[in-house]
Amino acid sequence: MTVWPLPRISFRELGSIQEKRPVALLTTEQTWAILGSQIALPLVIQAEPERVDLDLFEYLAAHLPSQVEAVYVIGQGAPLEAGKIVASRNNVPLIVVPTALESDAPYKATATVYKKDEDGQIVSQTIETGPATEVIIDWDVIKAAPDSLRGAGIVDVISIITGLLDWRYAAQRGKNPPEQRFTPWAASVAAGLAAHAIKSAPAIGEGKPAGLRTLLDLLMEITQLGNQLGHTRVQEGGEHLLAEALAAQDTHKLSHAEIVGPCILLVSALHGQDPASLRDAMESAGVKLDRLRAPDVQSFIDNLPEYVGMHALPYSILNDLDPLAEDTAQALRTAGLAILPGTWQSPDLVIEEVEEEAAAPVVQAQAEAEPAVEEAAPPDEEATRPEPTGAAAEAAIVPEQETLPEDAPREAVPNGAASDAAGDDDEAKGSSPTV
């Protein structure tokens with residue numbers, strides 16, 4: 001096992017980069033059109049990969065011109081994963097310039113790629129490449145990113161919640177291999193990071209400098225914790241496994257967060273948790289949770305037992321999921337990913353349509369009855385009183401607080417992970433973690 005360090009992180013403007021080495025650049029056409037005039041690089045070759053494909057990346061690595069002495073990546077997504085492979089295969093320095101705090105990928109010592117397996121199915125693969133030599137953060141570039149991408153990396157911190165639930169779930173069933181043994185102190189540290197991400201979500205979404213710097217620190221902290229443990233179970237559970245499988249089939253080019261975010265809600269619900277606070281935090285940070293198509297998720301869930309049997313995945317609640325069970329259907333509804341059988345319509349949409357249809361004749365009847373109302377006797381004094389405002393209005397509409405039953409599931413907030421993890425490894429304990 002190798003304990004990788006983080007890349008060197010430097011904070012400076014793109015215009016301050018004075019690169020003398022011959023460079024290979026990996027970016028996108030759109031990114032280069034915006035930032036190309038701000039950075040002077042002695043380019044030998046430039047590529048703009050649009051898909052995360054291992055064969056393509058290996059081709060780029062094998063055909064890198066021999067005079068190239070450094071690889072630069074500007075942006076994230078496919079160019080970043082390609083840059084890791086190209087630099088690693090050719091043993092040259094890798095310099096990454098993120099254009100948003102979109103994920104933890106720039107700081108990781110691995111590349112996530114997709115390839116076809118023996119059956120022709122597209123599957124994900126994690127390749128150890130070592131960390132980038134340097135990650136350059138230009139805050140002006142980060143702040144100029146679209147709101148939905150600027151702080152989207154929060155999903156890779158909030159996924160600690162479901163990651164810990166699945167890690168502990170596997171431990172209780174004796175399914176963690178020795179090298180991924182449940183580690184209470186690591187769970188406690190990670191839970192604190194997730195709690196801080198949730199607290200900072202509004203500032204991250206507003207693009208406040210302090211909020212963005214906090215997110216960057218959290219991304220680096222969780223990456224380093226994974227480096228030290230030698231695995232990513234502390235932050236990656238069924239939500240990332242599901243997201244990677246869906247991303248492999250994605251033809252709409254959704255962002256990392258747009259796929260992972262809804263999967264966090266689903267896996268949280270599968271564990272019997274209420275993901276409302278996680279949804280609120282991600283939406284506050286600008287993450288779009290309505291881009292993932294429910295029929296795609298339903299199709300994958302229907303074939304999940306076969307998929308799990310074909311791939312050696314880290315053990316999670318997905319291993320024991322029954323696609324036809326009511327709790328699975330309820331979890332899909334809670335996550336906003338349910339569809340009616342044999343259709344691509346969500347139950348909520350159909351309910352709205354039915355309500356509108358049912359309301360139409362009522363509205364028409366009311367309109368027809370208006371003249372009669374005008375001729376009727378005046379209403380009583382109680383009905384003519386003005387509507388309450390301010391605090392009086394709140395008091396009028398706030399119901400009495402209900403007492404939850406003792407067996408009601410607690411909300412998936414990270415603060416409880418430290419106390420829950422205090423039982424040391426407890427691989428065989430039966431209590432479910434609330435993280």
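The values are calculated or read from the model by the stated rules, or taken from the named source; none is laboratory data. This one's a predicted model, so the numbers in the text were calculated from it and none came from an experiment. Here the Cβ positions follow ideal geometry from the backbone for every residue, glycine too, while neighbour counts run over all protein chains shown. The accessibility values were calculated without ligands, DNA or RNA, using every heavy atom of the protein model including side chains. Shrake-Rupley method; radii C 1.70, N 1.55, O 1.52, S 1.80 Å.
Here are some notes:
- Whole-number accessible area per residue in Å² for the range 1-91, which is evaluated in the context of all protein chains at 1.4 Å: 53
- Computed over protein heavy atoms with a 1.4 Å probe, the carbon and sulfur contribution to the accessible area of the range 1-58 reaches 50%.
- In this structure, the amide hydrogen of residue 99, modeled 1.01 Å from its nitrogen in the peptide plane, lies closer than 5 angstrom to those of 75, 76, counting only residues at least 5 positions away or on a different chain.
- Heavy-atom accessible surface of the range 189-271: percent carbon and sulfur, 1.4 Å: 52
- Accessible area per residue for the range 225-266 is 28 Å², calculated with a 1.4 Å probe on protein heavy atoms, without ligands, DNA or RNA.
- Pairwise label distance in nanometres, residue 290 with residue 12, each label 7 Å out on the Cα-Cβ vector: 4.4
- The GluC sites (Glu not before Pro) of the range 1-82 that DSSP puts in a loop, and whose beta carbon has at most 12 other beta carbons within 10 Å, are 50.
- Computing FRET efficiency as 1/(1 + (r/R0)^6) for residue 67 and residue 29, where r is the C-beta to C-beta distance and R0 is 22 Å, gives about 0.35.
- Per residue accessible area of the range 278-339, 1.4 Å probe, in Å²: 50
- As computed over the range 1-145, the Cα convex hull volume per residue (Å³): 113
- Of the residues 240, 188, 227, the one whose Cα sits farthest towards the positive end of the charge dipole of the range 180-266 is 188 (charges of +1 on Lys and Arg Cβ, -1 on Asp and Glu Cβ, taken about the Cα centre).
- With both labels modelled 7 Å from their Cα along Cα-to-Cβ, the residue 250 to residue 1 distance reads 3.0 nm.
- Extension gain, residue 325 to residue 140: 0.36 nm times the residue separation minus the Cα-Cα distance gives 61.7 nm.
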